[in-house]
Amino acid sequence: HRQLAFEMLQCAAIGPIGVNNVFFQAFCKGFRMQCNEQTLDLYTIVRSFCGGAEEFVQSAETSIIKSYDDLNLRMHANLGPDLEQKLSNAFANAGPAFEGKTFEEVFREFLEATGAPCPQLLDAIKDRFSPKIDLDEITSSTFRMKLLCWSVSGAPRVINEGDPLRVQLVEDNNEFYISPRTQAEQRNEYISSGTSSYMIKLLNAPYNSSSECDCAKTAIHHWLLVQMLDAIESYTIA
């Protein structure tokens, strides 16, 4: 029975080939390749993982992003009453794509969308992005979700350990977003392109239907995409 169980497990996990097959041996050799300055290999990492091999496999499976529901994400608009009203008015004035929606809904729509909102504008600045980013994958249904995780946590996957990822829309003077000690030039650069004021500016701006950036939705999706692309490798752990 033990022999039969072993053969059933092998066929299910590997296939009907023998363990001495050259392809299986190459697979095992790849698993034993050393990393981290030749001090560790995957076998060692799996065995030392908290919870053992079973927990390692489970963690790997749950970290894969297949849809929005897989994200360990919390988001909200952290705004005062006046600015919150301005944002609400800007949503209402920006047309049916935004009318009656919240920041959370708008950001989720962005994450679930695919492709480059402004292909020519993106192509013009692509050289400034990390070469590790495969822009050929931009049409993938999970590209933006992986990009969000990568830009925030340093890994293009869900990290279930610890607190969820937090996405907040903040005011220009939010000290957690921009330290009071930040130099004026850098502070102005952040405020001009990364806060609620800039989002309201994009919502209220006039657009030409014949241009690539033809509406507020396209402009905001392009802005958010570039913000995340620029952040890759500014904090990377994997």
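Rule-based calculations on the coordinates, nothing more; no lab input. As the structure is a computational prediction, the values presented were derived from the model and not from experiment. Counting neighbours? That spans all protein chains shown, and the Cβs are built from the backbone with ideal geometry, glycine included.
Some observations on this one:
- Members of Lys146/Lys217; Lys66/Lys101; Lys101/Lys201 lying beyond 23 Å, as alpha-carbon distances in this model show: Lys66/Lys101
- Between region 141-155 and region 77-91, the C-alpha centres lie 27 angstrom from each other.
- Region 110-153: Cα Rg divided by the 2.2 N^0.38 Å rule of thumb: 1.12
- Local net charge near Ile133, Cβ-Cβ under 14 Å (Lys/Arg +1, Asp/Glu -1): -2
- Prolate/oblate/rounded call for region 68-231, Cα gyration tensor, a/c under 1.5 rounded: rounded
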